[in-house]
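The values are calculated or read from the model by the stated rules, or taken from the named source; none is laboratory data. This structure is a prediction, so every number in the text was calculated from the model and none was measured. So basically every Cβ, Gly included, is an ideal-geometry build from the backbone, and we count neighbours across all protein chains shown. Accessible surface areas use protein heavy atoms only, side chains included; no ligands, DNA or RNA. Shrake-Rupley method; radii C 1.70, N 1.55, O 1.52, S 1.80 Å.
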Amino acid sequence: MSTSYGQCAINSATLRGVEALPVVVEVVVSGGLPGMAIVGMPDTAVQDARERVRAAIRAAGFTMPDAKIVVNLAPGNLKKTGAGFDLPIALGLLAATGQIDPHLLENKLFVGELALDGRVRTVPGILSCGRCAYSNHWMLVSGTEADRVPLQGLEQWALPHLGVLRAKDPEMDLLPWPPCSYEAGVGNASADFADIAGHETAKRALQIAAAGNHGILLMGPPGSGKSMLASRLPSLLPALTDEERMEVASIHSVAGEDVASLLQGVRPFRSPHHSATMAGLVGGGTPVRPGEISLAHKGVLFLDELSEFKTSVLQALRQPLETGRVSITRADGNVVMPADFMLVAASNPCPCGYYGDDEIPCTCTSAQIQGYQAKIGGPLLDRIDLQLDVRRLPPQLVMDTGKGASSADLREGVLRAREFASWRQATQQEAAEGAPGKQRSGRPLKPQEVIESCRLSLEDRAFLESMATATHMSGRGIIRTLLVARTIADLEESPAVLKRHAAEALSYRLHED
């Protein structure tokens, strides 16, 4: 059988961080020494596509041309990664040799890894590829129904096997966009605050943190309940919005993790071990992949045993806590990934864990205690809004486990506070005559905007200024204290921050050493 020479261009995408960027796969089949060359900055996984494509084409009943094949991945200055180029390379080759109709490939984005028997496998980042296809008004073609992207308005087809295209009129089953329900979007419903008796101050602080997306540090001896309290925080948070669920699920899809709960609106809860590396926590590697702080985007990042983390790793959190994103610099440019998370941390006060305990004496020296707490670092502590000492419960309260305030009760207050805050911000925006609205997150707005939102009276302002002077608070510390006070006022549905709100906010920040 003589080889038909020709060329074809087909759309695909490559991952850069958590974003899928469009790539044009150009295939040229011509005379010359038989072989296949892939150019355009491909990585090893893309280069390996040559053998997978050969085997898959033959297994599907097509003919592998005995000719010179050149595959160009454009643009040439963008690094191409992953096995997702297998499918577009194979289809481009079949179209260039006249074995399939080239019109089947128009206005579509193809992504998928080929098995040696011709089956099409899913690849990480399929949700990001779906968003890329949607933004370019293309149809997404991937492997199976498992690759379904629940993005309204996106047309998607499944191509489970290359052999499907051998039919005279090949048909691919359209995967309709499935409606999603967010009513059950509560994180870890089995973990309820009702399981914890006592710790009313800690529960109040966690409610404030959930209402305003504030960072919180729980410090106390072993067995005081720090981890139990932190693990139940997601039960207070509202479900992800439509836009948030796709954004968060795309990040987890790139990391190859299950996204079912995220697509139902459940916020992520990440709890990395204290041995985590910089790349594991912040992101990195080759190619760049999201770290734990990006996987916790719009959710909770819980750092247990905070003082056991490497100091350099902890200090890397400072910039993401301020900006809500992380920027990783490589030789070929910067990769920016979202990292708008709520930081929840727990730590022992000293190496032995019993510094300040009412019953068990601490065996550490002053130098050991100072060195242990200094590992967290003042700049990072300054960015944590609520800092709370957690004491061990007396046996009587431990035996009353299951009789505490429930997550449902606390969550009702959180939702009410968030609704009031949205109303308040809309009212202030209207009063500012068209100033752009701002949705408060865990990061401060401009200092002037924070101060104006509090509507402090002269007496309350003087009180806060005197306390800030007496405790040597930084400018950031003052603004973050005002943000916490604003959230406390929102919980009471108070338009203005009063002295009692400021005093409670200060009590969470000025904990005893």
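Numbers below:
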{"read-out": "In degrees, nearest ten, helix 458-470 long axis to first principal axis of the chain (Cα)", "value": "90"}
{"read-out": "Beta bridges per DSSP with both ends in the range 78-173, % antiparallel, nearest 5", "value": "35"}
{"read-out": "Dipole magnitude of the range 192-303, debye to nearest 20 (Cβ charges: Lys/Arg +1, Asp/Glu -1, about Cα centre)", "value": "300"}
{"read-out": "Spatially near lysine pairs across the chain, Cα under 26 Å, sequence gap of 8 or more or different chains", "value": "20"}
{"read-out": "Only Lys, Arg (+1) and Asp, Glu (-1) charged, at Cβ; the range 301-392 dipole about Cα centre in debye", "value": "320"}
{"read-out": "Relative contact order %, the chain, counting alpha carbon pairs below 8 Å whose residues are six or more apart", "value": "13"}
{"read-out": "Accessible area in square angstrom per residue, the chain, 1.4 angstrom probe", "value": "44"}
{"read-out": "Theoretical gain in end-to-end length, His103 to Glu359 [0.36 nm per residue, Cα-Cα removed]", "value": "84.3 nm"}
{"read-out": "Nearest-0.05 FRET efficiency for Asp242 and Met41, computed from C-beta distance (R0 45 Å)", "value": "0.80"}
{"read-out": "Whole-percent carbon and sulfur share, accessible surface of the chain, 1.4 Å", "value": "53"}
{"read-out": "Leading residue at positive end of dipole, the chain (Cβ point charges), from Phe309, Val46, Pro268", "value": "Val46"}
{"read-out": "Acute angle (nearest 10 degrees) that the helix 49-59 long axis makes with the longest principal axis of the chain, alpha-carbon atoms", "value": "60"}
{"read-out": "Positive minus negative residues near Ala503 (Lys, Arg vs Asp, Glu; Cβ under 12 Å)", "value": "+1"}
{"read-out": "Positive-end residue of Gly353, Trp138, Gly31, charge dipole of the chain with Cβ unit charges", "value": "Gly31"}
{"read-out": "Summed side-chain charge close to Met467 - residues other than Met467 whose Cβ falls under 15 Å, Lys, Arg +1, Asp, Glu -1", "value": "+1"}
{"read-out": "Alpha carbon centroid spacing (whole Å) that separates the range 8-76 from the range 90-166", "value": "14"}
{"read-out": "Rounded, prolate or oblate (a/c below 1.5 giving rounded, otherwise prolate when a/b exceeds b/c) for the range 1-146 by Cα gyration tensor", "value": "prolate"}
{"read-out": "Burial ranking of peptide ranges 261-270, 369-378 (average Cβ count within 10 Å, highest at the top)", "value": "261-270, 369-378"}
{"read-out": "For the chain, with +1 on Lys and Arg beta carbons and -1 on Asp and Glu, the positive-most of Ala197, Ala502, Leu393 along the dipole", "value": "Ala502"}
{"read-out": "Residues Arg500 and Leu415, FRET efficiency given R0 of 25 Å [Cβ-Cβ distance, rounded to 0.05]", "value": "0.65"}
{"read-out": "Electrostatic dipole magnitude of the chain [Cβ: Lys, Arg +1; Asp, Glu -1; Cα centre; debye, to 20]", "value": "840"}
{"read-out": "Difference of contour (0.36 nm per residue) and Cα-Cα distance, Glu465 to Trp423", "value": "12.3 nm"}
{"read-out": "Distance between modelled label sites at Ser406 and Gln315, nm, 7 Å Cα→Cβ extension", "value": "4.8"}
